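Read the structure below first, then the notes.
We did not get these values from a lab; they are worked out from the coordinates using the rules stated. Every value quoted in this text rests on a predicted model; they were computed, and no experiment measured them. Here Cβ is always computed from backbone atoms with ideal geometry, including for glycine, and neighbour counts include all displayed protein chains.
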Amino acid sequence: MAAPMNPAMGPQAPVGGGPPGPQLGPGAAQQQMGMPQQQQDFDPVQRYRMLIPQLKESLQSLMKIAALNLAQNTNIDNGRKISDVPVQRFDKSLEEFYALCDQLELCLRLAYECLSQSYDSAKHSPTLVPTATKPDAVQTESLPYTQYLSMIKSQITCAKDIHNALLECSKKIMGKTPPTQGVL
């Protein structure tokens, strides 16, 4: 029996073949933790933590199906009577397992990118700007908004200069240098 597929969450735990005890879906786990759904969707670390139990269950199911298939194939090879109970397909179970692995890989890559952006942000703009919603939380190292704007404008100017330099360099490489006007 293949596990149901939820497009937002990937393969889910099988409905009736799991270990005994209460099985909670992702919605129940979110309600227990008290985390809102919207934040849950955007936090790759929380999503990773939520997918790990599903991966473990998928691996257990995969190994169980592999063992049953191997036992059935051994019985067929030895000429023994095989049961009429259909054995689950190994490839479907393996596909579910790989789908969960892919989701976990994406979560880890996204978490790494978020961390890299956070480091870069702290490196290039180390001072904070006080927000209008929390004016009492102004810190000593924060910038006034006007200084923040001038810093951003200088960063934009720098980025435009780099862009123009790269365009000029690429045109020179391609041999399509436009004639310069008034420069001798």
Please rank PHE90, PHE42, PHE97, fewest neighbouring Cβ atoms within 10 Å first, as an exposure proxy. PHE42, PHE90, PHE97
Hey, quick one: spin label on GLN147, modelled 7 Å out along Cα-Cβ, who in the stretch 100-125 has an amide N within reach, i.e. under 15 Å? 125
Computed lengthening from ASP102 to LEU70, 0.36 nm per intervening residue step minus Cα-Cα distance: 8.9 nm
